[in-house]
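Written out below as structure tokens is the structure these notes cover.
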Number of protein chains: 2
Amino acid sequence: MTKSGHASDVARLSLNTATTKRWTLGEAVDGTVRAGLGAIGLWRDRVAEAGLAEAAARVDGAGLRVSSLCRGGFLTATDDAGARAAVEDNRAAVVEAATLGTAELIMVVGGLPAASAPGGPALPGGDRDLVGARRRVADRIGDLVPFALEHGVRLVLEPMHPMFAADRAVISTLGQALDVAAPYPAKAVGVVVDTYHVWWDPELEAQIARAGAEGRLASYQVSDWILPLATDPLLSRGYMGDGYVDFASIGRWVTAAGYTGDVEVEIFNQEVWDTPGDEVLAIITDRYVRHVLPSLTPH
Amino acid sequence: MTKSGHASDVARLSLNTATTKRWTLGEAVDGTVRAGLGAIGLWRDRVAEAGLAEAAARVDGAGLRVSSLCRGGFLTATDDAGARAAVEDNRAAVVEAATLGTAELIMVVGGLPAASAPGGPALPGGDRDLVGARRRVADRIGDLVPFALEHGVRLVLEPMHPMFAADRAVISTLGQALDVAAPYPAKAVGVVVDTYHVWWDPELEAQIARAGAEGRLASYQVSDWILPLATDPLLSRGYMGDGYVDFASIGRWVTAAGYTGDVEVEIFNQEVWDTPGDEVLAIITDRYVRHVLPSLTPH
């Protein structure tokens with residue numbers, strides 16, 4: 001337990017391992033337990049380093065829930081070989097999620113074929129057909145649904161901030177994610193509300209309510225929108241309270257939609273990564289208790 | 001005429017004076033005429049430097065249409081004095097637009113009260129109520145409509161990229177802009193489609209069609225989404241063809257919506273600003289003819 005938290009306060013708080021990037025999976029598990037949190041969100045690279053079976057045993061032995069596995073996705077390839085490779089990799093991710101004991105596999109669906117690299121310039125003559133890229137995402141999700149259902153794992157579509165639409169994820173709003181999910185059972189395809197990505201959306205309240213009504217609200221992730229943007233905007237996330245996000249309103253909407261699951265803190269930020277992990281967890285706990293937790297009590 | 005353009009090709013092309021930032025209004029008018037363009041989009045600061053009457057005479061004497069005046073807006077103040085000052089400033093902008101002979105006054109509606117400055121960090125304890133800020137924008141538009149109608153000027157709401165929602169404009173999608181416009185006549189409140197701001201929107205085709213059907217499609221502005229983002233993301237716009245925007249699709253949707261007006265090129269970019277204005281106009285003309293014009297012919 002940190003000084004600022006009480007056990008009941010942090011029962012739903014989850015550390016996403018991307019927040020403490022320098023920690024191994026084992027260190028992150030131990031730190032999460034020391035801080036008294038109930039859950040941990042895992043990235044596949046950390047799991048692979050530790051070994052899948054070892055990672056699963058470690059988390060289970062620590063008595064932590066796995067709130068989600070990050071991440072599958074990257075489904076926008078135009079050629080058959082690329083599409084097949086994407087399906088194959090995502091099947092592996094589904095198996096990993098099931099082995100780790102989480103039903104929620106977060107999906108970052110990929111950008112335009114014209115992208116030279118994440119954050120990189122457009123390829124001259126590259127494919128800029130955004131409508132087509134979105135159609136391929138929907139098709140690949142359809143390909144993956146039966147396998148996910150067999151393994152009791154949900155494909156959790158992550159709408160990403162439109163500033164990443166070109167190079168990282170062509171799903172840009174919660175409503176769009178729910179439209180892609182619509183043909184499939186709620187236990188096969190869900191959505192995540194990540195405040196950093198969706199806080200600006202004029203439809204947010206309505207689409208969170210829709211996600212709840214459809215039983216697709218699979219994860220709530222919190223971090224803040226800070227300005228000025230970092231040189232690499234992917235690293236612009238801040239601690240809750242340091243930026244512009246109205247956590248009181250969004251938390252109220254998520255709660256009204258019936259969400260009672262874990263609340264993951266996922267912050268990509270060089271300064272946070274340069275801070276010792278236990279300090280980061282103490283700050284996160286304090287900010288969560290002050291800015292997020294009050295909105296999570298049903299009224 | 002530039003070498004690459006024919007008079008009929010550039011008849012609808014308009015130079016927004018923000019693209020040639022170093023030019024005075026007089027220089028921009030002369031350059032636009034030299035390049036054979038039919039129209040010019042003016043910023044208020046350039047008009048003020050020249051003097052309103054002189055600016056109007058200069059543009060009129062050159063035989064150019066004024067495709068729009070940039071910009072009114074900044075309507076999110078929480079206090080009465082701030083709201084009154086905003087209405088006052090926008091009335092002045094309406095009069096300027098009418099004097100310059102344009103019906104289209106572009107409105108950048110303003111960010112959250114928590115913003116310390118455009119692009120700046122959030123003020124501790126500042127007002128982050130995005131829903132409330134959007135409500136005030138709608139209220140101020142209502143305040144301004146009668147005055148705009150009296151002067152034959154349309155308030156043209158500009159949805160800005162969600163990366164500017166905190167600090168510059170809480171209208172983030174075309175659909176949201178049309179919802180704000182809905183209570184008023186189409187000649188009082190319109191919308192602008194600026195490719196840089198809206199290219200990513202999954203609802204874009206549908207909302208452009210809606211804007212056309214409602215008679216509110218007041219302006220089409222083109223520039224490209226380039227990566228990596230500039231240190232100041234406001235200056236990240238690029239020449240058409242250098243980035244990720246699918247001009248073929250968006251131009252087709254705008255044309256199908258019945259838009260036959262001018263096409264403004266508005267590029268904020270330090271490198272463009274450092275290039276001699278006549279060169280910029282030659283590049284713009286070339287890129288327009290190659291990437292934008294083909295999509296503007298009705299099929």
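The values are calculated or read from the model by the stated rules, or taken from the named source; none is laboratory data. Keep in mind that what you see is a predicted model, and the values were worked out from it rather than measured. Here Cβ is always computed from backbone atoms with ideal geometry, including for glycine, and neighbour counts include all displayed protein chains.
Taking the listed residues A:VAL265, A:VAL245, the one that is without any contact (Cβ under 8 Å) to a residue 60 or more places away in the chain, buried (at least 23 other Cβ atoms within 10 Å of the Cβ), under 14 Å from A:VAL193 (Cα atoms) and not aromatic (Phe, Trp, Tyr) is A:VAL245, with no other qualifying. Residue selection: A:GLY215 fails the criterion of being within 9 Å of another protein chain (Cβ to nearest Cβ), over 17 Å from the mean Cα position of the chain (by Cα) and either over 25 Å from A:GLY119 (Cα atoms) or surrounded by 18 or more Cβ atoms within 10 Å (Cβ to Cβ) (or both).
Residues that are within 22 Å of B:ASP167 (Cα to Cα) and at pLDDT 95 or above: does the stretch B:234-256 have at least one?
Applying the first criterion (within 22 Å of B:ASP167 (Cα to Cα)) to the stretch B:234-256 yields B:234-238.
Among the residues that remain, those that are also at pLDDT 95 or above are: B:237-238.
Taking every residue of the stretch B:234-256 in turn, at least one turns out to be within 22 Å of B:ASP167 (Cα to Cα) and at pLDDT 95 or above.
Restricting attention to the stretch B:248-257, the residues that are within 11 Å of chain A (Cβ to nearest Cβ) and crowded, with 22+ Cβ neighbours inside 10 Å add up to 1. The sole residue among B:GLU158, B:GLU150 that is of a type in the set (D, E, K, R), crowded, with 24+ Cβ neighbours inside 10 Å, away from chain A (no Cβ under 14 Å) and at negative phi is B:GLU158. Applying the criterion of being of a type in the set (Asp, Glu) and not in a loop (DSSP other than H, G, I, E, B) to the residues of the stretch B:111-166, the residue that is nearest to B:LYS187 (Cα to Cα) is B:GLU150. Counting only residues that are among the hydrophobic types (A, V, I, L, M, F, W, C), farther than 20 Å from A:LEU281 by Cβ and within 10 Å of another protein chain (Cβ to nearest Cβ), which one in the stretch A:218-229 is surrounded by the fewest Cβ atoms within 10 Å (Cβ to Cβ)? Across the stretch A:218-229, the extreme among qualifying residues is A:LEU229. Within the stretch A:113-139, the only residue that satisfies the criterion of being out of contact with any strand residue (DSSP E or B) (no Cβ under 8 Å at 6 or more places or on another chain) and buried (at least 23 other Cβ atoms within 10 Å of the Cβ) is A:LEU130.
Residues of the stretch B:1-19 being polar (S, T, N, Q) and either at pLDDT 95 or above or part of a strand (DSSP E or B) (or both), which ones?
We begin by selecting, within the stretch B:1-19, every residue polar (S, T, N, Q); these are B:2, B:4, B:8, B:14, B:16-17, B:19.
Result: B:SER14, B:ASN16, B:THR17, B:THR19.
Contact map, the stretch A:270-287: first residue surrounded by 22 or more Cβ atoms within 10 Å (Cβ to Cβ), second residue part of a loop (DSSP other than H, G, I, E, B) and of a type in the set (A, V, I, L, M, F, W, C), Cβ cut-off under 7 Å, separation 6 or more or different chains; pairs are A:GLY277/A:TRP23; A:LEU281/A:ALA35; A:THR285/A:VAL10; A:THR285/A:ALA35; A:ARG287/A:MET240.
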